[in-house]
Every structure is written in C-alpha cells, then in structure tokens.
C-alpha cells in the first residue's frame, strides 16, 4: 500500500492523524537532521500498521516534508504488495 505522508518534525508530541486527501500527518519529536525524522516516521508508521520497520519504505521525498511511503503487509508469512 502506498500513502502520502506529511511529516511535522520537532513536534512536541508524536502522533498520526488522517488528512482529508486520504494521506496521513505524522508528527515526530525527532529533528529533520541526519535522517532522524525519517527513522522516526518509519518507526511510527510500522507501529501504527502493525508491521516490522523493514516493511516501511520511503519511496519519494526523503529530504522533504511530504513523502510517498510504501507499506508491505505480509499475509501468512508471504509478503504482499498492495498499491
């Protein structure tokens, strides 16, 4: 599954909320320095969707606040890519 994500780095509190366009707003406490915010986004999305961190990949926007993220969910141990 692919999702548009708007990232708010250096937020007071971490959290995920839906956006009207179907994407997600992800607030992370980590700063956007040295990839720390991206790592926090991957961890937050993995926890939110109940998948391992390795199943979450930033496809576009690694250095921007708006990102395209792919989440691979596995079904009965077999990875399934949904688009």
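The values are calculated or read from the model by the stated rules, or taken from the named source; none is laboratory data. Just so it is clear, the structure is predicted and the values come from calculations on it, not from any experiment. Every residue, glycine among them, receives a Cβ derived from its backbone with ideal geometry; neighbour counts consider all protein chains shown.
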For residues in segment 57-83 being out of contact with any strand residue (DSSP E or B) (no Cβ under 8 Å at 6 or more places or on another chain), more than 15 Å from residue 4 (Cβ to Cβ) and in a loop (DSSP other than H, G, I, E, B), which is modelled with the lowest pLDDT? 76
Filter segment 31-57 down to residues that are buried (at least 20 other Cβ atoms within 10 Å of the Cβ) and over 16 Å from residue 70 (Cβ atoms) and give me whichever is farthest from the chain's Cα centre (by Cα). 37
Does segment 37-56 contain any residue that is in contact with a strand residue (DSSP E or B) (Cβ under 9 Å, 6 or more places away or on another chain), in contact (Cβ under 8 Å) with a residue 40 or more places away in the chain and assigned to a helix (DSSP H, G or I)? yes
